[in-house]
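Quick notes on the structure that follows.
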Amino acid sequence: MTPYPLLTRVFARIGLLSFGGPAAQIAVMHRELVEERPWLTEAQFLRALSFCMLLPGPEAMQLATYAGWRLRGIPGGLIAGALFVLPGAAVIAVLALLYAQYGTRPETEALMLGVKASVIVIVVQALRRLSSKALKRRSDMVMAVAAFLALFAFSLPFPLVIALAAVWGALRSRATADEPATPAMDPARKGTAPATILLWLVLWLLPLPILHLAGQTLLFDLAAFFAKLAVVTFGGAYAVLAYMAQEVVEIRGWLTAPQMVDALGLAETTPGPLILVTQFVGQLAGHAEGGPCMALAAGALTLWMTFVPCFLWIFTFAPHVETLLARPRLQAALKGITAAVVGVIANLSLWFALHTLFADTMTIDRGPLSLPLPVLSTLRIDALPLIALAALMFARKAPVPLVLAVCALAGWGLAQV
């Protein structure tokens, strides 16, 4: 059995080195857990990854939690999941406070332009990688395009798009009533006790009645929104970000579009799951309402509502991984969601690029059509060489932190010219 001190050291290292979004973080875990020590076999790792993709929320953090659970049960899962999140959360807390104080200064805007130029390339790379894996058939491409248009041109709710994709995938399944028998639950563990599952469910949702009774309107709204986000966002971090940008900017008005773009840019500069951008969003909303103390409270609340359900999902369903992954209709629904997520990330890429490359945008409303377009006269010419620099560095396999740092300094340098 893996000793707790060793497990803690390994997952602390994973948490500190996990830069660059879900793909890079999963690669770090593969090296640490499969290649360098025999904690998981290749097959176990891939099955665990498929299982985490079935769940709402950040798959990289849930993969870390699952690996810890396999090694030392619920205590191991808590150690692994917490250490994957906490280093980045501490950095985000500081960055959000600094941004709230200095984010409008010219030198900060110049640095952020370089970061955002890098993030455009990062998101496009993620889109390309996922497209090559997810779009195997013409019907997959049709679903991806339909999801993109539903979000970008018609502003349909993200949960509705994902639900329709799952139904579409399940209906297209060729599975019949005589599906092969599914295997028993994971032999490594017994099922989680119902009392434990209930405890995690209560812990997750407990802030909602407390905040409501205390009359904390903003904090209650933040908690309710991020609780919903934790349930409906399938497809990984970039899919979560697409939905959050739509809600936070266009519907709730907690952040402006430039602030949301900056939030994603800064989240890429920190270790840990990319979904820590939710903490940044919560802190900025809290700061606007009540200054630094409210910002820290809102950030901590956002972390709780975002990540506690990850433990709930893993501890509830991990013993049944083999059974779940053997169900053809469930697999087909997941494939439908995965195809739609390509369109979701394409929508995020274009939204992010529009608000980085152009100072102003406009919206054309024609019946159900709601099409955002750039104001061409507001093109940020200085962003173009920064995007080219980031693309060149990534083509030469430069690490993400180095690209972000170099492009940020280049953005500051261009502002001095």
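Per the conditions (1) assigned to a helix (DSSP H, G or I); (2) open to solvent by 50 Å² or more (accessible area, probe 1.4 Å); (3) without any contact (Cβ under 8 Å) to a residue 12 or more places away in the chain, the sole criterion not satisfied by Pro75 is (3). Would you check if Met53 is open to solvent by 30 Å² or more (accessible area, probe 1.4 Å) and either of a type in the set (Ser, Thr, Tyr) or part of a helix (DSSP H, G or I) (or both)? Yes. Please indicate, with yes or no, whether at least one residue in the range 263-286 is surrounded by fewer than 24 Cβ atoms within 10 Å (Cβ to Cβ), of a type in the set (Asp, Glu) and closer than 30 Å to Ser349 by Cβ. Taking every residue of the range 263-286 in turn, at least one turns out to be surrounded by fewer than 24 Cβ atoms within 10 Å (Cβ to Cβ), of a type in the set (Asp, Glu) and closer than 30 Å to Ser349 by Cβ. Please indicate, with yes or no, whether at least one residue in the range 236-248 is part of a helix (DSSP H, G or I), without any contact (Cβ under 8 Å) to a residue 12 or more places away in the chain and surrounded by fewer than 21 Cβ atoms within 10 Å (Cβ to Cβ). No, because not a single residue in the range 236-248 is part of a helix (DSSP H, G or I), without any contact (Cβ under 8 Å) to a residue 12 or more places away in the chain and surrounded by fewer than 21 Cβ atoms within 10 Å (Cβ to Cβ). Annotation: of all residues in the range 167-181 being modelled with pLDDT of 85 or more and aliphatic (A, V, I, L, M), the one that is nearest to Phe226 (Cα to Cα) is Val167.
Among residues of the range 78-118 being among the hydroxyl-bearing types (Ser, Thr, Tyr) and part of a helix (DSSP H, G or I), the one that is most open to solvent (accessible area, probe 1.4 Å) is Tyr102.
I'd like the residue in the range 294-327 that is over 19 Å from the mean Cα position of the chain (by Cα) and modelled with pLDDT of 95 or more and, out of all such residues, is nearest to Leu205 (Cα to Cα). I'd like the intermediate steps shown before the answer.
Residues of the range 294-327 that are over 19 Å from the mean Cα position of the chain (by Cα), as a first pass: 294-297, 315-327.
Subset that is modelled with pLDDT of 95 or more: 294-297.
On the way: Met294: 20, Ala295: 20, Leu296: 19, Ala297: 16 Å.
My answer is Ala297.
Put simply, of Leu171, Leu151 the only residue that is in a helix (DSSP H, G or I), hydrophobic (A, V, I, L, M, F, W, C) and loosely packed, with under 14 Cβ neighbours inside 10 Å is Leu171.
Yes or no: the range 374-394 includes at least one residue that is charged (D, E, K, R) and outside any loop (DSSP other than H, G, I, E, B).
Just the residues of the range 374-394 that are charged (D, E, K, R), to begin with: 380, 382.
Checking the rest, the ones that are also outside any loop (DSSP other than H, G, I, E, B) come to none.
No, the range 374-394 contains no residue that is charged (D, E, K, R) and outside any loop (DSSP other than H, G, I, E, B).
Among the residues making up the range 209-235, those that are in contact with a helix residue (DSSP H, G or I) (Cβ under 6 Å, 6 or more places away or on another chain), open to solvent by 40 Å² or more (accessible area, probe 1.4 Å) and part of a helix (DSSP H, G or I) are His212, Phe220.
Listed here are the residues, each with its yes/no results for (1) within 18 Å of Arg329 (Cβ to Cβ); (2) modelled with pLDDT of 85 or more; (3) out of contact with any His (no Cβ under 7 Å at 6 or more places or on another chain).
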{"site": "Ser118", "(1), (2), (3)": "no, yes, yes"}
{"site": "Ala126", "(1), (2), (3)": "no, no, yes"}
{"site": "Arg138", "(1), (2), (3)": "no, yes, yes"}
{"site": "Phe148", "(1), (2), (3)": "no, yes, yes"}
{"site": "Pro157", "(1), (2), (3)": "no, no, yes"}
{"site": "Leu164", "(1), (2), (3)": "yes, yes, yes"}
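What number of residues within the range 117-154 are touching an Asp or Glu at 6+ places or on another chain (Cβ under 7 Å) and either more than 15 Å from His355 (Cα to Cα) or basic (Lys, Arg) (or both)? Counting residues in the range 117-154 that are touching an Asp or Glu at 6+ places or on another chain (Cβ under 7 Å) and either more than 15 Å from His355 (Cα to Cα) or basic (Lys, Arg) (or both) gives 2.
Among the residues of the range 182-196, none qualifies, meaning not one is outside any loop (DSSP other than H, G, I, E, B), at pLDDT 80 or above, crowded, with 16+ Cβ neighbours inside 10 Å and in contact with a helix residue (DSSP H, G or I) (Cβ under 7 Å, 6 or more places away or on another chain). The residues on offer are Ala153, Ala144, Ala90, and the sole one that is touching a helix residue (DSSP H, G or I) at 6+ places or on another chain (Cβ under 9 Å) and either of a type in the set (A, V, I, L, M) or under 19 Å from Glu59 (Cα atoms) (or both) is Ala144.
The values are calculated or read from the model by the stated rules, or taken from the named source; none is laboratory data. Bear in mind the structure is a predicted one, so any value in this text is a computation, not a measurement. Please note: Cβ atoms are built from the backbone with ideal geometry, for glycine as well, and neighbour counts cover all protein chains shown. Keep in mind that these areas ignore ligands, DNA and RNA; they rest on the heavy atoms of the full protein, side chains included. Shrake-Rupley method; radii C 1.70, N 1.55, O 1.52, S 1.80 Å.
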